[in-house]
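J.: Please find one structure pasted underneath; my questions will follow.
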Amino acid sequence: MGKALDDVRILDFTHVQSGPTCTQLLAWFGADVIKVERAGAGDITREQLRDIPDADSLYFTMLNHNKRSVTIDTKNPEGKLVLEALIQKCDVLVENFAPGALDRMGFTWERIQELNPKMIVASVKGFGPGPYEDCKVYENVAQCVGGAASTTGFDDGPPVVTGAQIGDSGTGLHLALGIVTALYQRTMTGRGQKVLAAMQDGVLNLCRVKLRDQQRLERTGVMKEYPQYPNGTFGEAVPRAGNASGGGQPGWILKCKGWEHDPNAYIYFITQAPVWVKICNVIGKEEWATAPEYATPTARLPRLKEIFAEIERWTMTKTKFEAMEILNKYDIPCGPILSMKEIAEDDSLRKTGTIVEVDHPVRGKYLTVGNPIKLSDSPTDVTRSPLLGEHTDEVMAELGYSREQIEALRTAGAI
Ligand code: CAO
């Protein structure tokens, strides 16, 4: 069966995490992704956080599946010509260099347009146009400037960054959507365009509910579903909400059996209004179903701490999986806190291709996260990441270079 992006060729000029996540997704949808790296070095993540000497790190392999790797020194005049040939042959150039790096290399938007007017140039940058547009940015910087850190953690502690890579992988996802949208528009206009996903914007987009809360706070001075209510105080800015749900149905993380020795023996419990009576019955507080102080969502808001403490008395008598099973029988939304070990061993995630075992010629077998987006007519087969320059000769031949020319360019240090 064909793949959704079968005829799309991507010049993948990305490195580290944000850009590679984006191009990996496009590769999983069938695009031919040609990753351009510097000979001898390659993407810096090949050697970062290594767990096996001389093998490409998991950091690299898990972000660069289904791609081809070519080495080109794009600052070498002859290397530039090779890159130009690639620009003419590809549909999309994706890059996440520091601001201005592509221009300094001589590949301005205007020059790329001259070479290929249909080319879509997609970039990740830390910030959009404005005072910080020239700054280099990594994941946690984006989390801090996009509103995630100031709203994550507990009220009595410092700002906290989340383990989910919303700055890098989150922005990669945003960029991928921008690229396929630009490809779609190109089918009607015949023209390429620039696509920009700024990491600050991507994180803020994912923190949309917190900007919602900022405005609610300014209007009402209080947020009744936050743990600060009713006994704490609210300042001018949205406070950290601990484990409060962020939505209209209050939730919290509660201890389960074994919490004393297992740091993940917890469950997220949501007191969804439509199942309130069932919750009361499960935890043995039948009287709360009709008592005016507990029967309605509004009445419950000032009592959430007491309510969750009572529910926790019940969850502490069950393992997180027992609690999950019992609660789901009654349609009570909840989620066990799964450790990475438990996720890695989860059979159902392996069956759906969300966790995949991949074989690599140097590092051997390892686990990765497969394509989280499943298309019924374009299934994803995860194949290993390329070795540095593994496909240089193959791609050069496709560009029309002879064996002799390839060797000459290699001797000149251009590839
Ligand atoms: N041949 C020759 N030169 C190459 C090359 C190649 N194949 N590939 C890259 N280079 C050069 C670039 O042209 C650049 O040169 P100049 O500094 O002379 O312009 C140089 O390598 C380094 O690029 P960089 O500045 O992007 O790399 P860095 O390691 O210093 O910074 C990062 C990394 C991520 C902070 C920066 O790229 C950045 O801010 N990117 C945008 C935001 C982003 O994506 N951040 C997320 C990264 S994932 O956490």
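The values are calculated or read from the model by the stated rules, or taken from the named source; none is laboratory data. It should be emphasised that the depicted structure is a prediction, and the values quoted were computed from it without experimental measurement. As a convention, Cβ positions derive from the backbone with ideal geometry for all residues, glycine included, and neighbour counts pool all protein chains shown.
J.: Return the residues of the stretch 278-306 that are free of Cβ contacts under 8 Å to residues at least 40 places away in the same chain, among the basic types (K, R) and within 20 Å of A323 (Cβ to Cβ); say none if nothing qualifies.
T.: K285
J.: Hey, can you tell me all the residues within the stretch 1-57 that are crowded, with 18+ Cβ neighbours inside 10 Å, more than 16 Å from the ligand (Cβ to nearest atom) and charged (D, E, K, R)?
T.: Residues satisfying the conditions are K3, D32, D56.
J.: Only residues that are hydroxyl-bearing (S, T, Y), closer than 14 Å to V36 by Cα and either away from the ligand (no atom under 11 Å from the Cβ) or under 28 Å from the mean Cα position of the chain (by Cα) (or both): list them for the stretch 71-111, please. Spell out the reasoning first.
T.: Step one: list which residues in the stretch 71-111 are hydroxyl-bearing (S, T, Y), which gives 71, 74, 108.
Those still in the list that are closer than 14 Å to V36 by Cα too: 71, 74.
Once the filter is applied, which keeps residues that are hydroxyl-bearing (S, T, Y), closer than 14 Å to V36 by Cα and either away from the ligand (no atom under 11 Å from the Cβ) or under 28 Å from the mean Cα position of the chain (by Cα) (or both), the stretch 71-111 yields only T71.
J.: Could you check how many residues of the stretch 402-413 are touching a residue at least 60 places away in the same chain (Cβ under 8 Å) and part of a loop (DSSP other than H, G, I, E, B)?
T.: Initially, the stretch 402-413 is screened for residues touching a residue at least 60 places away in the same chain (Cβ under 8 Å), giving 409, 412-413.
Checking which are part of a loop (DSSP other than H, G, I, E, B) leaves us with 412-413.
Total satisfying the criteria: 2.
J.: Are there any pairs, at least 6 apart or on different chains, whose C-beta atoms fall under 9 Å, with the first in the stretch 1-28 and basic (K, R) and the second within 16 Å of the ligand (Cβ to nearest atom) and at pLDDT 95 or above, and if so, which?
T.: R9/V33; R9/I34; R9/L86; R9/C90
J.: Out of curiosity, is T317 β-branched (V, I, T), on the phi < 0 side of the Ramachandran plot and over 24 Å from the mean Cα position of the chain (by Cα)?
T.: yes
J.: Got a sec? Which of G172, G167 is assigned to a loop (DSSP other than H, G, I, E, B) and within 11 Å of the ligand (Cβ to nearest atom)?
T.: G167
J.: Also: Pick from the stretch 148-164 the residues that are among the polar types (S, T, N, Q) and part of a loop (DSSP other than H, G, I, E, B): which of them is farthest from the ligand (Cβ to nearest atom)?
T.: Looking at the filtered set, the residue picked out is T152.
J.: Looking at (1) more than 14 Å from the ligand (Cβ to nearest atom); (2) crowded, with 17+ Cβ neighbours inside 10 Å; (3) over 30 Å from R186 (Cβ atoms), can you tell me which one V145 breaks?
T.: It is condition (1) that V145 fails.
J.: So, one more: Spot the failing condition for G248; the list is (1) at pLDDT 95 or above; (2) at negative phi, and only one is missed.
T.: Of everything listed in (1) at pLDDT 95 or above; (2) at negative phi, G248 misses just condition (1).
J.: I want to confirm something. Restricting to the stretch 129-140 and keeping residues that are within 12 Å of the ligand (Cβ to nearest atom) and either in contact (Cβ under 8 Å) with a residue 40 or more places away in the chain or assigned to a loop (DSSP other than H, G, I, E, B) (or both), which single residue is surrounded by the most Cβ atoms within 10 Å (Cβ to Cβ)?
T.: Among residues in the stretch 129-140 that are within 12 Å of the ligand (Cβ to nearest atom) and either in contact (Cβ under 8 Å) with a residue 40 or more places away in the chain or assigned to a loop (DSSP other than H, G, I, E, B) (or both), the one surrounded by the most Cβ atoms within 10 Å (Cβ to Cβ) is V137.
J.: Output the number of the condition that G335 fails; it satisfies all remaining conditions of (1) of a type outside the set (F, W, Y); (2) closer than 15 Å to C280 by Cβ; (3) touching a residue at least 40 places away in the same chain (Cβ under 8 Å).
T.: (2)
J.: Quick check on the stretch 382-415: of everything there that is of a type outside the set (G, A, S) and loosely packed, with under 13 Cβ neighbours inside 10 Å, which residue is nearest to the chain's Cα centre (by Cα)?
T.: If we take residues in the stretch 382-415 being of a type outside the set (G, A, S) and loosely packed, with under 13 Cβ neighbours inside 10 Å, then E394 is nearest to the chain's Cα centre (by Cα).
J.: Can you tell me which of (1) within 9 Å of the ligand (Cβ to nearest atom); (2) touching a Pro at 6+ places or on another chain (Cβ under 7 Å) is the one R68 doesn't meet?
T.: (1)
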